[in-house]
Amino acid sequence: MDKAKIVALLNQDIEGEHGAIIQYLTHAYAMGEGEMACEIEALAREEMRHLDWLAETIVELSGVPSLKRGAMRMGGESVTDWMRNDVLLEENGMNLYREHIKIIDDIKIKRLLKRILSDEESHHGDFKHFVEKAQKEGMQDVRGTRSDRVIQTLNWGIEHEYTVILQYIFQSYMTTNKEAKKQLEDQAINEMQHLGWLAEKIVDISGSPRIEHTEVDQSTKTADMLRADIKIEQEVAAAYDRAAKETEDPDLRGLLIRIRDHELYHTEVFSDLLREEG
Ligand SMILES: [Fe+2]
Ligand SMILES: [Fe+2]
Ligand SMILES: [Fe+2]
């Protein structure tokens, strides 16, 4: 099987992982604080590791990792319904991995896919268990319908964070500068924290997080990547600063200032890298 064909199959797998991450995070945030939400977030993190392994494999094959998000199963009214959807999504993933293991002839890639499949089988069991638990405990959607300016600002923050997470992980796969790769990975993890804080805050104050992103910069030269990153970080630091000044709620202000300061730090890290890159 030629490289391009394998890349196309692995990109299908990446898109599936991407969809699973967002579906599970949406569910975890919507059920509020609790043990089950934490466990589901941990499963989403495992899907992120899968995505990472798949992307690194694609780059080794001289391919470009897909940023598209695969199909999600987002319907359902209660936590029980959501957990059933998560069971079904795992089944879709397992079927896809089984098919790809069968048709890909590269031993190393086959082994990686088998490794991921064993995780998905375990997740499948976890979600089946969560269906029963949610049913027994009558767990409900804890999101509210508040949709004023504060919620809009926080959802704008999520949109930004999701965009830069994709941008930085994509760039970390594509850059040949080792230090830039490390920093992009680190800052992407920091942006994931921001996304989580914002989503939890929204649910806390009776809103509903919206996890969508805008256009991702896909420059292939490291200097171009860093220039795009610095620009977006400067814009977002200013926006968080404005939002912090507008809010009356001291908790929310503290959160926005903390995120703003991280964004300023990111600006400086990327500016240093750009200077070294020349
Ligand atoms: Fe999974
Ligand atoms: Fe951020
Ligand atoms: Fe940032």
Q: Can you tell me how much longer the chain between residue 261 and residue 12 gets when fully stretched, taken as 0.36 nm per residue apart minus their C-alpha distance, in nm with one decimal?
A: 86.0 nm
Q: Find the all-direction average of the projected area of the Cα convex hull for the range 18-110, expressing the result in square nanometres with one decimal place.
A: 6.5
Q. Taking residue 108 as the anchor, which lysines have their alpha carbon closer than 28 Å to its alpha carbon, excluding any fewer than eight residues away along the same chain?
A. 3, 5, 68, 178, 181, 182
Q. When ligands, DNA and RNA are left out and all protein chains stay put, how many square angstrom of accessible area per residue does the range 144-247 have with a 1.4 Å probe?
A. 45
Q | Fraction of accessible area attributable to carbon and sulfur, the range 58-105 (%, probe 1.4 Å) | A | 51
Q | Heavy atoms of residue 43 accessible to a 1.4 Å probe, total area in Å² rounded to 10 | A | 10
Q | FRET E, pair residue 148, residue 235, Förster distance 25 Å, beta-carbon r, rounded to 0.05 | A | 0.60
Q: Could you work out, for the chain, what percent of all Cα-Cα pairs fall into each 10 Å distance bin, beginning at 0 Å and stopping at the bin that holds the largest distance?
A: 6, 28, 31, 24, 9, 1, 0
Q. Can you give the accessible area of residue 257, probe radius 1.4 Å, in Å² rounded to 10?
A. 60
Q. Label residue 108 and residue 204 with points 7 Å out from Cα along Cα→Cβ: what is the distance between them in nm?
A. 4.5
Q: List the relative contact order of the range 1-140 as a percent without decimals, with contacts defined as Cα pairs under 8 Å and 6+ residues apart.
A: 29
Q. If the cut-off is a Cα-Cα distance under 18 Å, which aspartates and glutamates reach residue 221, setting aside same-chain residues fewer than 8 apart in sequence?
A. 56, 60, 179, 185, 229, 272, 276, 277
Q. When only C-alpha pairs under 8 Å and at least 6 residues apart count, what is the relative contact order of the chain, in percent?
A. 17
Q. Which shape class, rounded, prolate or oblate, goes with the range 81-213 when its Cα gyration tensor gives a ≥ b ≥ c as root eigenvalues, a/c under 1.5 marks rounded, and past that a/b bigger than b/c marks prolate?
A. oblate
**Q.** Inter-label distance for residue 132 and residue 1, nm, one decimal - labels placed 7 Å from Cα along Cα-to-Cβ
**A.** 3.6
Q: Excluding residues on the same chain fewer than 8 positions from residue 245, give the lysines whose Cα lies under 29 Å from its Cα.
A: 201, 231
Q: Compute, for residue 197, the solvent-accessible surface of its heavy atoms (probe 1.4 Å) with the complete set of protein chains present, and express it in square angstrom to the nearest 10.
A: 60
Q. Which trypsin sites (Lys or Arg not before Pro) in the range 138-194 pass both tests, a DSSP loop state and at most 13 other beta-carbon atoms within 10 Å?
A. 146
Q) Hey, any idea what % of the range 168-263's accessible area is carbon plus sulfur with a 1.4 Å probe? A) 48
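The values are calculated or read from the model by the stated rules, or taken from the named source; none is laboratory data. Source: prediction; values computed, not measured. Note that each Cβ is placed from the backbone with ideal geometry, even for glycine, and that neighbours are counted across all protein chains shown. Areas reflect the complete protein model, heavy atoms only, side chains present, ligands, DNA and RNA absent. Shrake-Rupley method; radii C 1.70, N 1.55, O 1.52, S 1.80 Å.
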